[in-house]
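Worksheet: one structure, shown below.
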Amino acid sequence: MTGTSTVDRAARARAALAAAELRTGARTVLSTMLSEAPPLDAVAPDDAAALAVEVPRTSLLTSERPQLPVPPPLADLMPDGLRRGATTSVLGSTSLVLGVLAHACASGAWAVAVGHPRLGLLAAAQAGVDLARFALVPDPGADAALVLAALVDGIDVVLVGPGAPLADADRRRLSARARERGAALLTTTTWPGAAVVLDAGPARWSGVGAGDGRLRTSEVQVRRTGRGSAAVPTAVDVVLPFAPPGEHVPRGPVRRRTRAAGGLRLVG
């Protein structure tokens, strides 16, 4: 890929995000990324649709781009990391998806959350998400599919939430576009055809003493299913929230892999 085409894709993604914000009144913390975008009053509302179809096909294969890291406790479930060009569903836990985003951003990736009106920036920051590399489009409205298609073209990780109204055909097209562009598509809702599905079970909270303290951590079992190498169901017990990227985590007991109903299970 030439440097010109890379800059062009990034500029178009910035303009698409600006157009989405104009339509929805969204607030973003990705000020550095949008500094080179056209002024909001100069971006027509329909520009997102135009940008979604005008971006040229890239020449760099997804397989040639480095995969994004995941939190160490998920390494056994996602040995290839957060795969570019693939769709990954993370269900049942906001802390779990924020931990995945935090480690992706720590590696230099840009991320955007679309259709997550209740996603808190304080919670994201406490999970280790680099807010300088993270943007929000809380309510994309009826043009969610067009907004997402444009963002997939130029942003590394696109998180899709329940506030983005999509038909099954839209989901298929977005997954195909992510494969073509090399973006990692994350979803917090059921997504037909997802390559990897991480499903967090009920939480077991700790931190409260005898009349004092506060809830600090929760232990959940995360079950992985999916397609291809993820087709064999596997589960691991993890403690949430994850330690922020780069923070030292004391090594715990060696996990052992045992067979359980429905597949393999990792236990501490």
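The values are calculated or read from the model by the stated rules, or taken from the named source; none is laboratory data. Note that the structure is a prediction, hence the values are computed from the model and not measured. Please note: Cβ atoms are built from the backbone with ideal geometry, for glycine as well, and neighbour counts cover all protein chains shown.
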Q: Please give the strands (runs of 3 or more DSSP E) falling wholly within segment 201-241 in which 1 or more residues are surrounded by 13 or more Cβ atoms within 10 Å (Cβ to Cβ) and among the basic types (K, R).
A: 213-226
**Q.** From the options G108, G115, G154, G209, residue that is more than 15 Å from the chain's Cα centre (by Cα) and not assigned by TED's automatic domain parsing to the domain that holds A243
**A.** G209
**Q.** Output for segment 186-196, where each listed residue is touching a helix residue (DSSP H, G or I) at 6+ places or on another chain (Cβ under 8 Å) and outside any loop (DSSP other than H, G, I, E, B)
**A.** L186, V196
(Q) List pairs: first residue in segment 132-143 and farther than 19 Å from G120 by Cβ, second residue charged (D, E, K, R) and part of a helix (DSSP H, G or I) anywhere in the structure, Cβ distance under 7 angstrom, at least six positions apart or on different chains. (A) G141/R23; D143/R23
**Q.** segment 180-208, subset more than 28 Å from G108 (Cα to Cα) and hydrophobic (A, V, I, L, M, F, W, C), residue modelled with the highest pLDDT
**A.** A203
**Q.** Considering residues of segment 242-262 that are of a type in the set (V, I, T) and either at pLDDT 85 or above or part of a loop (DSSP other than H, G, I, E, B) (or both) only, the residue surrounded by the most Cβ atoms within 10 Å (Cβ to Cβ)
**A.** V249
Q: Within segment 149-178, count every residue that is surrounded by 16 or more Cβ atoms within 10 Å (Cβ to Cβ) and in contact with a Gly (Cβ under 8 Å, 6 or more places away or on another chain).
A: 7
Q) Of the residues that make up segment 159-167, is at least one touching a helix residue (DSSP H, G or I) at 6+ places or on another chain (Cβ under 6 Å) and in a helix (DSSP H, G or I)? A) no
